[in-house]
Amino acid sequence: MVECRRLRRGAAIVMAAGLAVVVLAVVLGAMALAAPSDFLHIRTNISQTSTLDSAGPDLAVSPDGKRVAVVWTEEYRSGIGYRGHVYLRAASETGGGWGSTIPVFVGSDAACACDAAVAITGTTAHVAYVVFTGTCFYPTQMLVRYRTCSLTTGQCDSPADGYGVAAVDTGQNRITWVDLALDAAGNPHVVWPRYDKDGSHGRIYYRRAFTDTHWSTGELIGPDKDSDMPAIAWADGYVHVVWQVQQGNSSSIMYRRGSESGWDSPLDMWTMQSGLLQSNPDVAARAGRVFVVWDWCVERDSSTAPCKRYWLVYRRSNDKGSELSWGLSSKTTYEVGTDRLWSTPGLVQYDSTSDKIIGGDYLVDLQPSIALNRDGWPAVVWQADHGNEGGDMNYAIYYSVAITGTADTVDWITTTTVLSQSQPVVAGSPAVGIGQPAPGGEQHLHVAYMRQLSANNWDVYYDSNEADRYKYVYLPVIMRVH
């Protein structure tokens, strides 16, 4: 049976913290208070299917910060695990909250979706996803598909199975991973790894579209090494791609920049060294800056044992990702949330989730997600074991946010912060995006993540960092006339 693998996606997303206290206002008398018409940034169950697994959420924010969309995969029948349909929901800052669930792809025994990514331009959501065909569990083909969906009408374009981006026969290759970004004209750029038939020796491929039906030729941009986990972003006329390269028990993070004139040479964000496992890269670009974030395993019992503890680090470019702007990797790799160099003693070590895997690849490692605000400063969200609070496994979502900085530093206004003090016992696989800034400059953060509802079931949730803004939830009061 072929397994799905989780995508590490990036581009335009931001995370947040949840509603701490909800107070219901009881209104007596002859007047009624209606619920606010705007989008409330409070914790919400997006998928609402407690008997079916919903997994692998991705979240996107429109360029103007006014719309949020979440995409995920969901079982087409109970017990099959993290594969089936692709669903989409969206909310608007002026549209009265979350819209209805939009079916992007309908799964079945004959064909099922394994992974999905989303981006927004205007009132349109763009979705790329992986489909297994022939049969869901023993596919003869694996495909990368693309569709657009209207956030005003709730309808997706034709054909119903999406436009073809890539296809492989499983007797030779596999595809289980995809990521997506949009350029300034709203054209999609897609990356995916193509593995050998046994799932090894991945190579990174890229393709873009000028219209829905006019796609460029696929390009091999991460060749000759065992590559995996690609993420993509677009800004300032350039496409930015990162991925992991694995060699034995060591790995490194690669970056490559592309434009209309072609691709720059790949850059190694960190030279591969024996025993160092660096993985789950994500990339974001805006306002001339490019940030790459990844997790770094710093403790494990043996070369084959799961990781026990991690660092969370990043590198940045102040010149649209040009080669010289990255500096030397050994001197320009910093800790997320503190801006300390990687070589500084006492970096925060996050407890691993990898030795207690209960959600497949969705809960392995820290899996950071990054987004940049309109001035090019980052917000990062990730998962880690939160200790013994709430039980033996308390998978919490963390975040850190910056709103300013200098050419050499980032001013992190929040360091290691738990998404919500009422965090569910098991939560993970976060995706992050930044909305409209508050008048005082504070960032409106959005996050989608998986939350375990029971031993065998997961839903996809939305949350934000605005608990203090919602002291009351107003419910309509209906007067009874006697």
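The values are calculated or read from the model by the stated rules, or taken from the named source; none is laboratory data. Bear in mind the structure is a predicted one, so any value in this text is a computation, not a measurement. So basically every Cβ, Gly included, is an ideal-geometry build from the backbone, and we count neighbours across all protein chains shown.
Points worth noting:
- Top-ranked residue of segment 36-93 - restricted to ones that are β-branched (Val, Ile, Thr) and not in a strand (DSSP E or B), ranked as modelled with the lowest pLDDT: Ile80
- Arg309 over 19 Å from the mean Cα position of the chain (by Cα) and assigned to a strand (DSSP E or B): yes
- Count of residues meeting criterion [more than 23 Å from the chain's Cα centre (by Cα) and either within 20 Å of Ile102 (Cβ to Cβ) or not in a strand (DSSP E or B) (or both)] in segment 129-160: 14
- Residue in segment 324-331 that is farther than 17 Å from Ser265 by Cβ, touching a Leu at 6+ places or on another chain (Cβ under 6 Å) and at pLDDT below 95 present: no
- Flag for Tyr238 being under 24 Å from Ser317 (Cα atoms) and surrounded by fewer than 22 Cβ atoms within 10 Å (Cβ to Cβ): yes
- His189 vs. criteria surrounded by 13 or more Cβ atoms within 10 Å (Cβ to Cβ), within 19 Å of Arg256 (Cβ to Cβ) and more than 21 Å from the chain's Cα centre (by Cα): no
- Selection count where residues are touching a Ser or Thr at 6+ places or on another chain (Cβ under 8 Å) and surrounded by fewer than 24 Cβ atoms within 10 Å (Cβ to Cβ), scope segment 108-128: 7
- The residues of segment 91-107 that are loosely packed, with under 15 Cβ neighbours inside 10 Å and touching a Gly at 6+ places or on another chain (Cβ under 9 Å) amount to a single one, Ser100.
- Looking across segment 228-264, the residues that are modelled with pLDDT under 95 and of a type in the set (Ser, Thr, Tyr) come down to Ser250, Ser251, Ser252, Ser261.
- Subset of segment 209-226 that is in contact with a Gly (Cβ under 9 Å, 6 or more places away or on another chain) and modelled with pLDDT of 95 or more - its residue that is farthest from Gln141 (Cα to Cα): Ile221
- Of the set (1) buried (at least 20 other Cβ atoms within 10 Å of the Cβ); (2) on the phi < 0 side of the Ramachandran plot, all apply to Met229 but (2).
Here's the yes/no breakdown for (1) polar (S, T, N, Q); (2) modelled with pLDDT of 95 or more; (3) out of contact with any Lys or Arg (no Cβ under 8 Å at 6 or more places or on another chain):
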{"position": "Ala284", "(1), (2), (3)": "no, yes, yes"}
{"position": "Ala287", "(1), (2), (3)": "no, yes, no"}
{"position": "Val292", "(1), (2), (3)": "no, yes, no"}
{"position": "Cys307", "(1), (2), (3)": "no, no, no"}
{"position": "Val313", "(1), (2), (3)": "no, yes, yes"}
{"position": "Ser317", "(1), (2), (3)": "yes, yes, no"}
{"position": "Thr338", "(1), (2), (3)": "yes, no, yes"}
{"position": "Leu366", "(1), (2), (3)": "no, no, yes"}
{"position": "Ser369", "(1), (2), (3)": "yes, yes, no"}
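- For segment 193-293, the strands (runs of 3 or more DSSP E) that sit wholly inside it and include 3 or more residues that are under 30 Å from Asp339 (Cα atoms) and either under 24 Å from the mean Cα position of the chain (by Cα) or among the polar types (S, T, N, Q) (or both) are 226-235, 238-247, 250-259, 277-286.
- Scanning segment 299-342 for residues that are over 23 Å from Ile232 (Cβ atoms), surrounded by fewer than 18 Cβ atoms within 10 Å (Cβ to Cβ) and of a type outside the set (Ser, Thr, Tyr) gives Glu299, Asp301, Ala305, Pro306, Lys308, Arg309, Leu328, Lys331, Asp339, Arg340, Leu341.
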